[in-house]
Amino acid sequence: MIYLDHNATTCCDERVVEAMLPYLHAMYGNPSSLYKLGRVARSAIDIAREQISALIDAPGARIVFTSGGTEANALALANACGLGLAISAIEHPSIFENAEYNRQRFRQLHTLEVNEAGAVPLVSLDRANWQAGDMASVMLANNETGLIQDIAAITEHLAERGVNVHTDAVQALGKISFSFKKLGVKLMSLSSHKIYGPKGGGALVVAEDFVLKPWLRGGDQQYGWRAGTENVAAIVGFGKAAELAKAEAALRGVRVLALRTRLEQALRTIPGLVIFAEQVKRLPNTVQFGIPGISGEMLLMQLDQRNIAVSSGSACSASSGEISPVLVAMGVEASLARSAIRVSLGKDNNETEIDQFVDVLKASIAN
Ligand SMILES: Cc1ncc(COP(=O)(O)O)c(C=O)c1O
């Protein structure tokens with residue numbers, strides 16, 4: 001099988017599985033227990049926090065482990081209740097749907113318009129009616145096009161108004177290097193399964209000077225903000241995946257970018273093919289393209305028959321057959337948006353796979 005859908009999920013790295021296994025069996029202690037078995041689990045969680053903190057350069061920030069990126073996003077937005085919230089028009093459904101569902105709980109819910117590349121221009125920020133303490137949620141990298149947002153410029157622009165910025169860094173993590181500290185955000189969402197860690201693990205990173213509202217009440221785990229016995233094995237796996245991502249960042253980055261360059265060169269020879277957000281900073285592993293007159297969903301199924309896995313957009317909306325709201329927000333015409341295919345490369349892909357994908361793609365289009 002040729003797997004080209006790493007923005008949907010990744011295969012858990014063997015070294016991650018190895019690190020997790022002891023915490024599913026021999027080291028089964030409750031991290032809140034005071035005796036040795038519990039302390040072993042507690043220190044494993046502490047190490048994972050350090051590994052994640054090192055990957056994102058977040059000294060002093062508190063890392064609240066969650067069940068994944070979706071929960072981290074929900075937790076972040078819950079902290080805007082009673083306040084104004086603005087989200088960009090290209091956010092992941094876990095932001096968009098949560099914001100819509102809770103609309104009545106915010107003083108106002110504003111959508112930040114994006115330009116044709118999907119970026120939030122600073123003038124767009126000025127159109128919201130801000131009050132001090134409000135929250136803006138803008139993703140660091142888009143899951144469909146791979147567009148990288150200038151979050152540092154956004155936080156700087158909003159700082160004088162006293163607006164707190166949350167960023168969904170689920171897709172950026174492990175694919176580009178960034179600094180939580182330098183971005184200036186108060187909250188950041190992360191997910192483990194996008195970086196070769198286990199599914200069902202994620203985190204909300206909380207700046208030192210930000211006090212979270214309690215999310216799950218119960219025991220005093222996780223600073224009293226998210227009660228419940230921690231999923232130690234998943235946290236250990238997430239930490240190990242973060243450690244590997246940091247150690248192998250340069251190598252992974254260079255490899256996937258070389259593969260994507262090879263792929264894009266081949267794609268550009270296909271008549272009419274459009275690469276979305278082509279001219280702006282994108283994740284090195286991601287390319288989303290459309291071919292006028294071709295159904296992306298049909299193409300996806302034809303590729304699947306040849307054992308090639310790609311996506312038509314966000315994994316969460318792929319089965320609904322709707323047009324990508326991200327492309328709509330970018331002003332892409334509906335028929336072109338309907339033809340969208342997203343290829344997202346991973347650390348273990350190779351040139352032969354890229355060439356085979358291009359051959360099958362060309363043959364499928366010709367049919
Ligand atoms: C940008 C973005 N945010 C959040 C999520 C949700 O993460 P999880 O699958 O860990 O809930 C995803 C998953 O596709 C994503 O791409």
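Of the chymotrypsin sites (Phe, Trp or Tyr not before Pro) found in the stretch 168-234, the ones in coil according to DSSP and having at most 16 other Cβ atoms within 10 Å of their Cβ are Phe210.
The convex hull drawn around the Cα atoms of the chain, when projected onto a plane and averaged over every direction, covers 18.0 nm². Take every DSSP beta bridge whose two residues both sit in the chain; close to 50 percent of them are antiparallel. Among the trypsin sites (Lys or Arg not before Pro) found in the stretch 102-169, those both in a DSSP coil and sparsely packed, with 15 or fewer other Cβ atoms within 10 Å of their Cβ, are Arg107, Arg127, Arg161. Remark on Thr66: its backbone amide H falls under 5 Å from those of Gly202, Ala203, Leu204, a criterion applied only to residues 5 or more positions apart or on other chains, H modelled at 1.01 Å from N.
On a 22 Å Cα-Cα criterion, which of the cross-link pairs Lys36/Lys199; Lys181/Lys246; Lys240/Lys347; Lys182/Lys281 come out too long?
Result: Lys36/Lys199 exceed 22 Å.
Charges were assigned to the Cβ only: +1 to each Lys and Arg, -1 to each Asp and Glu. The resulting dipole of the stretch 14-247 about its Cα centre is roughly 720 debye. Net charge in the neighbourhood of Leu85 (other residues with Cβ under 15 Å of its Cβ; Lys, Arg +1, Asp, Glu -1) is +2.
Scaled to the globular estimate 2.2 N^0.38 Å, the Cα spread of the stretch 27-165, given as radius of gyration, is 1.25.
From its DSSP helices (H runs of at least four residues, each -39,500 (n - 2.57)), the chain gives a residue-normalised ellipticity at 222 nm of -11500 deg cm²/dmol. Applying both filters, DSSP loop and at most 16 other Cβ atoms within 10 Å, to the GluC sites (Glu not before Pro) of the stretch 70-146 gives Glu113, Glu116.
A Förster radius of 56 Å, combined with the Cβ-Cβ distance separating Ala132 from Arg15, puts the computed FRET efficiency at roughly 0.75.
Work from the charge dipole of the chain (Cβ charges, +1 for Lys and Arg, -1 for Asp and Glu, about the Cα centre) and give the residue of Ile87, Leu336, Ile365 farthest towards its positive end. It is Ile87. Set the Förster distance to 41 Å, then compute FRET efficiency between Ile365 and Glu248 from the Cβ-Cβ distance, nearest 0.05. Efficiency at R0 = 41 Å is approximately 0.70.
Taking only Cα atoms, what is the 0 to 90° angle, nearest 10, from helix 249-267's long axis to the longest principal axis of the chain? Once rounded, the angle reads 20 degrees.
By DSSP, the beta bridges lying fully in the stretch 163-256 are antiparallel in about 55 percent of cases.
Read-outs: derived from the displayed coordinates by stated rules, not from any lab. Worth saying up front: this structure is predicted, and the values here are computed from it rather than measured. Cβ sites come from the backbone with ideal geometry, for glycine too, and all protein chains shown count toward neighbours.
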